[in-house]
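Structure record follows, encoded as structure tokens.
Just so you know, all these numbers are worked out from the coordinates, no wet-lab data involved. Keep in mind that this is a model prediction, so the values were computed, not measured. Here the Cβ positions follow ideal geometry from the backbone for every residue, glycine too, while neighbour counts run over all protein chains shown.
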Amino acid sequence: MSEVVMMRLKAGFRKPDLVILAIVGVLLLLWAVDSPQALESAAFTLENLWWISPFLLASVVIAGYAQASGADSLIAGVFKGRVVSMIFLAAFFGGLSPFCSCGVIPLIAALLAMGVPLAPVMAFWLSSPVIDPAMFVLTAGTLGTGFAVAKTLAAIGAGLLGGFFVHAVAQGGFLRDQVKQGAGCNTGCGSPLARAGRPNWAFWQEKERRGRFATSALDNTLFLGKWLTLAFLLESLMLVYLPGDLISQVLGGSGVQPVVLATLVGVPAYLNGYAALPLVAGLIGQGMQPGAGLAFLVAGGITSIPAAMAVFALVRVRLFLLYLVLALTASLASGLIYNLVV
């Protein structure tokens, strides 16, 4: 197993990695123009990596165990022929799961590695980052129970929209082979995996399976680790250089336009979900439409730039663009519908 790990590490050092070069380049440039902020951004990145490490470790172990034991074929088989029901389950479970927009990425990588179809994965991907139990309580306390319920329904609705749309589009082969090579697996991602023989749950008893586990664990750790590092680094810069006052000025007003602007601004303008609540509450108190606030929170939760970068690392451009379109559509629809209901 150690030989496999060493071979993977040597292969990684033989060619430059653009993601790692980008991380180093951003830090060096930031050090040259604002050295105190460079230190703060580095600390922020390390703190968030430490926070997300349990999720990352869990996904790496789960994906590695599934591949090494041969359980991935069984897991994929559970989803075969039941895509519609799994879309519903994924959307509802995603709305209740305790994952943020970046925290969900390791789990998504593990699901893709097991050969779970894209439709339920997309449903979970879109619904999970918007709301969780703790966020529901804080949203209810800050913006009211009705707003918290609307946000939960918007999360589930986004998952259902994305899941069923991807399922329909995939029938024509438009989304075939849209998971990048090495994004959580080595072969067969996005389609049921087929391995000969029965799974060996005690995979560590076989040398070949131990090597497969080591290869999967190392590949996933390096792949997800570098992308999440870059994502958190950029997040730290957004929190500093994207002032809340600017967002307040853009999102003010009435009519349909604020909802559209809130949706568009929410995509790139990352705000921590908890930190965004008082900002949105203040804007609504100043006369902004509640629907615009909801659209901003939904769009920001699903497709902030750090989260979108992590998605881009896992899938090809076609599916990535579809992911953005679905997120924008779901966010805009949730805001407009909430304004009509309220």
Spin-label zone in the range 325-342 - amide nitrogen under 20 Å from a point set 7 Å from the Cα of Gln171 along the C-beta vector: 326
Calculated from backbone phi, Karplus (6.51, -1.76, 1.60) coupling profile of the range 157-167 in Hz, x at Gly/Pro: x, 4, x, 5, 4, x, x, 6, 5, 5, 4
Cβ-based exposure ranking for Ile105, Ile302, Ile23, Ile337, in which fewest neighbours within 10 Å come first: Ile337, Ile23, Ile105, Ile302
Estimated inter-spin distance, Val342 and Ser35, nm [label 7 Å along Cα→Cβ]: 4.8 nm
Packing-based exposure ordering (other Cβ within 10 Å, fewest first) of Tyr338, Tyr241: Tyr241, Tyr338
Val315 long-range amide H proximity, modeled H, under 5 Å: Lys180
Listed peptides 116-122, 257-263, 152-158, 317-323 by packing density, highest first (mean Cβ within 10 Å): 116-122, 152-158, 257-263, 317-323
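If R0 is 25 Å, what FRET efficiency do you get for Val84 and Ala140 from their C-beta distance, rounded to 0.05?
Computed FRET efficiency for Val84 and Ala140 comes out at 0.20.
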Cα-projected label distance for Tyr241 with Asp17, points at 7 Å along beta-carbon direction, nm: 2.4 nm
